[in-house]
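The values are calculated or read from the model by the stated rules, or taken from the named source; none is laboratory data. These numbers were taken from a predicted model, which means no experiment stands behind them. Cβ placement follows ideal geometry from the backbone for every residue including glycine, while neighbour counts extend to all protein chains displayed.
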Amino acid sequence: MIRYAFAWTVCAALALLGCEEKSPRQISEKPEREVVAMQTRHFATNDTRAVLRGVVASFSDGGYIVKRADLSYSLVTAIKGWLMAEARVTPYGASTAVQLDVFVGSQFASQQVDAPEFYQKTFYDRLSTVLGLPALPPP
């Protein structure tokens, strides 16, 4: 009986070693510089906490469910149906940068949204209204 248990353990370990780990997220095929440019906007304020609160409000106004808002990491994650969004708020000189990364799919397989108009119309226009500041492209 012990021999069979040991044999099954060895077989299971060998089977797991042969498994290929695949990333569940498919990143855009566009150049990284182009992707960052479509995902990032700057706001002419150095009050990152106010911008972070604006990000949470913008997600909520857009029908997203805010899963996590971490002030210490300046990170907000939210979901809406098949969309998974993550926004990072960082100080950038005299302004504050917001980078939004959105994936469509499930936690097991998803594709990065790489349409600039999606980011602008579904998030940054709303965030500009909430903050009362224009969303400026990255320098």
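Scanning for something under 22 Å from Glu29 (Cβ atoms) and of a type in the set (Ser, Thr, Tyr), does region 45-66 turn up at least one residue? Please lay out each step first, then the result.
If we filter region 45-66 for residues that are under 22 Å from Glu29 (Cβ atoms), which is where we start, we get none.
No, every residue in region 45-66 fails to be under 22 Å from Glu29 (Cβ atoms) and of a type in the set (Ser, Thr, Tyr).
Yes/no matrix, rows are residues, columns are (1) in contact with a Phe, Trp or Tyr (Cβ under 6 Å, 6 or more places away or on another chain); (2) assigned to a helix (DSSP H, G or I); (3) β-branched (Val, Ile, Thr):
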position: Ala37; (1), (2), (3): no, yes, no
position: Arg41; (1), (2), (3): yes, no, no
position: Asn46; (1), (2), (3): no, no, no
position: Ser60; (1), (2), (3): no, yes, no
position: Val89; (1), (2), (3): no, no, yes
position: Asp114; (1), (2), (3): no, no, no
position: Ser128; (1), (2), (3): no, yes, no
position: Pro138; (1), (2), (3): no, no, no
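Residues Ala115, Ala109, Ala97: which one is at pLDDT 95 or above and surrounded by 12 or more Cβ atoms within 10 Å (Cβ to Cβ)? Give the derivation first.
On the way: Ala115 fails: at pLDDT 95 or above; Ala109 fails: at pLDDT 95 or above.
Residue meeting the stated conditions: Ala97.
Might you check whether a residue that is in a loop (DSSP other than H, G, I, E, B), without any contact (Cβ under 8 Å) to a residue 40 or more places away in the chain and hydrophobic (A, V, I, L, M, F, W, C) occurs anywhere in region 72-82? Explain how you work it out, then say what you get.
The initial filter retains those residues of region 72-82 that are in a loop (DSSP other than H, G, I, E, B), namely 72-74, 81-82.
In the following step, the residues that additionally are without any contact (Cβ under 8 Å) to a residue 40 or more places away in the chain were identified as 72-74, 81-82.
Subsequent filtering for residues that are hydrophobic (A, V, I, L, M, F, W, C) retains 82.
Looking for residues that are in a loop (DSSP other than H, G, I, E, B), without any contact (Cβ under 8 Å) to a residue 40 or more places away in the chain and hydrophobic (A, V, I, L, M, F, W, C), one finds at least one in region 72-82, hence yes.
Give Lys67, Lys30, Lys22 a once-over and let me know the one that is of a type outside the set (Gly, Ala, Ser), surrounded by fewer than 16 Cβ atoms within 10 Å (Cβ to Cβ) and at pLDDT 90 or above. Give the derivation first.
Working: Lys30 fails: at pLDDT 90 or above; Lys22 fails: at pLDDT 90 or above.
Result: Lys67 is the single residue among Lys67, Lys30, Lys22 that is of a type outside the set (Gly, Ala, Ser), surrounded by fewer than 16 Cβ atoms within 10 Å (Cβ to Cβ) and at pLDDT 90 or above.
Within the group Phe59, Phe43, which residue is crowded, with 21+ Cβ neighbours inside 10 Å, touching a Leu at 6+ places or on another chain (Cβ under 6 Å) and either of a type in the set (S, T, N, Q) or at pLDDT 95 or above (or both)?
Values: Phe59 fails: touching a Leu at 6+ places or on another chain (Cβ under 6 Å).
Just a single option satisfies the conditions, and that option is Phe43.
If you take the residues of region 30-73 that are under 16 Å from the mean Cα position of the chain (by Cα) and among the hydroxyl-bearing types (Ser, Thr, Tyr), which of them is nearest to Gly132 (Cα to Cα)?
Ser58
Please go through (1) closer than 23 Å to Arg126 by Cα; (2) at pLDDT below 85; (3) not aliphatic (A, V, I, L, M) for Tyr4 and return the number of the only condition it doesn't satisfy.
With respect to (1) closer than 23 Å to Arg126 by Cα; (2) at pLDDT below 85; (3) not aliphatic (A, V, I, L, M), Tyr4 is out only on (1).
Within region 120-137, identify whether any single residue is of a type in the set (D, E, K, R), surrounded by fewer than 17 Cβ atoms within 10 Å (Cβ to Cβ) and under 25 Å from Ala44 (Cα atoms), and answer yes or no. Outline the logic, then answer.
Within region 120-137, the first condition is being of a type in the set (D, E, K, R), and the residues that meet it are 121, 125-126.
From what's left, surrounded by fewer than 17 Cβ atoms within 10 Å (Cβ to Cβ): 121, 125.
Next, from what is left, pick out any that are under 25 Å from Ala44 (Cα atoms): 121, 125.
Yes: one or more hits.
Can you tell me how many residues in region 91-108 are of a type in the set (S, T, N, Q) and not in a strand (DSSP E or B)? Walk me through how you get there before you give the answer.
Here is the first cut: in region 91-108, the ones of a type in the set (S, T, N, Q) are 95-96, 99, 106-107.
Narrowing the set further to residues that are not in a strand (DSSP E or B) leaves 106-107.
Within region 91-108, residues that are of a type in the set (S, T, N, Q) and not in a strand (DSSP E or B) number 2.
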